[in-house]
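A quick write-up on the structure given underneath.
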Amino acid sequence: MAELHLGQVLEYRGDALVEGPEAVTHRRRGGMLIDGGMIAAVGEADDLRDAHPQAEIIDHGDHLLSPGFVDAHVHYPQTAIVASWGKRLIDWLNTYTFPEEISFADPAHAEEIATRYLDLALMNGTTSMCSYCTIHPASVEAFFTAAKTRGMRAAAGKTCMDRHAPEALRDTPQSAYDDSRILLQKWHGTGRLSYVITPRFSPTSSADQLCALGALWAEHPDCLMQTHLSEQVDEIAWVRELYPTARDYLDTYETYGLLGENALYGHAIHLEPREADRIKEVGAALIHCPTSNTFIGSGLFDWPTRLAEGQQIGLATDTGGGSSFSMLRTMAAAYEIGQLTHQPLHPAQLWWLATQGSAQSMRMGDKIGALAPGMEADFIAVDLASTLAISQRAARAEDIWEAIFPTIMMGDDRAIAGTWVAGKRLH
């Protein structure tokens, strides 16, 4: 039976990152008709009631009905080490990440953490994500199995490393290719799942391994490819030492066939002009991870320059270098970094980044990230008065954006009144 969800509704009519609030229609009393896991209609509540008298009514009152959040860069194996104290990137990897990832050789542990991560994501209103796994195929199996069980649209891949990591976390160029290919053939396109070719980053992959993964991507160009780029200054200096003939950091990927439209480059803080030009030219995406950038001291994403260039930008928690599972907290951090770089981001831009912007970065913007007929019914109900501090500020709001902004800046999982995936309530 079709369900008619009523509440406040945001509809995107354009790119809010470029156009701001003018790209969004707010329906104070709107609704969505959900049928067969899809959005069948969006409009004014009274009109939808009249047009679909047999539909079951689910009235959310003043709650905001929004696309589920889309987290475009996450390390689900780092769930248990989130908010670990006091390390920068390379020390973080050696002290926290690598020891934790070794434990994912145990399929039972991988299953436990995958289950925990997805439950935390749904609790925080995140309905889709793009995740790194570990070098162990079992870590990929665990993630995809847990996501499939929940009916989620999710993307992930085996993280490949053949150097500068503990022996227990190294594969080889051939095994990276072979394992990734087997997992890709099994999972890519199964249900709502997508495989992502995943070299961790240039320092932990030899030229031979990058070449092998570039060849795999050329064989399967519809897949996404994710990696890290220009996160910290000392990381960039290390890349220069390891690849002395490369023009820049991006060139270590470009040379081996790892630059293209379906690429997602995490962080991208310290880009050189040539790198930015090439990324824009091919249409690849930059994935902004603001809580991570501040938590491990990476630097400030250059919002004015990236917006002026017209880059495709997604938003991400970067769990567990990022210090929160919440895309609300992530939006707040993006706003703060925008302020520090003299580019104040409007609430409409922040909400877009966490939904349709990230979905477009993952090449899924025609399926998720917006409320429109024909889209998959992944959505959330957001309580815009979830705490006393938020409600007393929202009560003074003169428009929807002033009502939403306190939840962006002060909200947490308490603001997520419900999470639906393919029309089914999972939280």
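Remarks
- Test for residue 214: is it modelled with pLDDT of 95 or more, under 24 Å from the mean Cα position of the chain (by Cα) and on the phi > 0 side of the Ramachandran plot: no
- Qualifying residue in the stretch 114-126 (condition: touching a residue at least 40 places away in the same chain (Cβ under 8 Å), outside any helix (DSSP H, G or I), under 24 Å from residue 138 (Cβ atoms) and under 21 Å from the mean Cα position of the chain (by Cα)): yes
- Residue within the stretch 86-109 that is over 30 Å from residue 27 (Cβ atoms), in contact with a Phe, Trp or Tyr (Cβ under 9 Å, 6 or more places away or on another chain) and at pLDDT 95 or above present: no
- Reported count of residues in the stretch 32-70, each being touching an Asp or Glu at 6+ places or on another chain (Cβ under 7 Å) and of a type in the set (Val, Ile, Thr), is 3.
- Matching residues in the stretch 160-198 - criterion: being among the β-branched types (Val, Ile, Thr) and more than 26 Å from the chain's Cα centre (by Cα): 172
- Scanning the stretch 407-418 for any residue that is within 29 Å of residue 59 (Cα to Cα), basic (Lys, Arg), part of a strand (DSSP E or B) and in contact (Cβ under 8 Å) with a residue 12 or more places away in the chain turns up nothing.
- Count - residues of the stretch 236-250 that are under 27 Å from the mean Cα position of the chain (by Cα) and part of a loop (DSSP other than H, G, I, E, B): 1
- Counting the residues of the stretch 153-167 that are within 11 Å of residue 131 (Cβ to Cβ) and of a type in the set (A, V, I, L, M) gives 3.
- Close pairs from the stretch 205-224: first more than 29 Å from residue 192 (Cβ to Cβ) and in contact (Cβ under 8 Å) with a residue 40 or more places away in the chain, partner loosely packed, with under 14 Cβ neighbours inside 10 Å and of a type in the set (Lys, Arg), Cβ under 6 Å, at least 6 apart: 206/163
- Extreme residue, nearest to residue 185 (Cα to Cα), among residues of the stretch 217-235 that are open to solvent by less than 20 Å² (accessible area, probe 1.4 Å) and either small (Gly, Ala, Ser) or part of a loop (DSSP other than H, G, I, E, B) (or both): 223
- Residue in the stretch 193-207 that is open to solvent by 30 Å² or more (accessible area, probe 1.4 Å) and assigned to a helix (DSSP H, G or I) present: yes
- Those residues of the stretch 353-371 which are out of contact with any strand residue (DSSP E or B) (no Cβ under 6 Å at 6 or more places or on another chain) and open to solvent by 30 Å² or more (accessible area, probe 1.4 Å), in sequence order: 360, 363, 366
- Filtered residues of the stretch 129-156 (kept if of a type in the set (Gly, Ala, Ser), under 14 Å from the mean Cα position of the chain (by Cα) and within 19 Å of residue 177 (Cα to Cα)): 131, 155, 156
- Among the residues making up the stretch 301-352, a single one is farther than 23 Å from residue 75 by Cβ, of a type in the set (S, T, N, Q) and surrounded by 24 or more Cβ atoms within 10 Å (Cβ to Cβ): 349.
- Enumerated strands (runs of 3 or more DSSP E) restricted to the stretch 1-111, each holding at least 1 residues that are open to solvent by 50 Å² or more (accessible area, probe 1.4 Å): 24-35, 38-44, 56-67
- Single unsatisfied condition, residue 149 versus (1) surrounded by fewer than 21 Cβ atoms within 10 Å (Cβ to Cβ); (2) free of Cβ contacts under 8 Å to residues at least 40 places away in the same chain; (3) more than 19 Å from residue 110 (Cα to Cα): (3)
- If the condition is being of a type in the set (D, E, K, R) and without any contact (Cβ under 8 Å) to a residue 24 or more places away in the chain, then the stretch 367-398 contributes 393, 396, 398.
- Within the stretch 154-183, being part of a helix (DSSP H, G or I), touching a helix residue (DSSP H, G or I) at 6+ places or on another chain (Cβ under 8 Å) and open to solvent by 10 Å² or more (accessible area, probe 1.4 Å) holds for 168, 173, 174, 177, 179, 181, 182.
- Whichever residue in the stretch 269-283 is over 25 Å from residue 89 (Cα atoms) and either of a type in the set (A, V, I, L, M, F, W, C) or over 19 Å from the mean Cα position of the chain (by Cα) (or both) and, among such residues, is surrounded by the most Cβ atoms within 10 Å (Cβ to Cβ): 278
- First in the stretch 286-309 and at positive phi and of a type outside the set (Phe, Trp, Tyr), second anywhere and open to solvent by 50 Å² or more (accessible area, probe 1.4 Å) and in a loop (DSSP other than H, G, I, E, B), Cβ under 8 Å, 6 or more apart: 297/88; 299/270
The values are calculated or read from the model by the stated rules, or taken from the named source; none is laboratory data. These figures come from a predicted structure and were not determined experimentally. Heads up, the Cβs are rebuilt from the backbone with ideal geometry, glycines too, and the neighbour counts pull from every protein chain shown. Accessible surface is based on the protein model in full, side chains and every heavy atom, while ligands, DNA and RNA are left aside. Shrake-Rupley method; radii C 1.70, N 1.55, O 1.52, S 1.80 Å.
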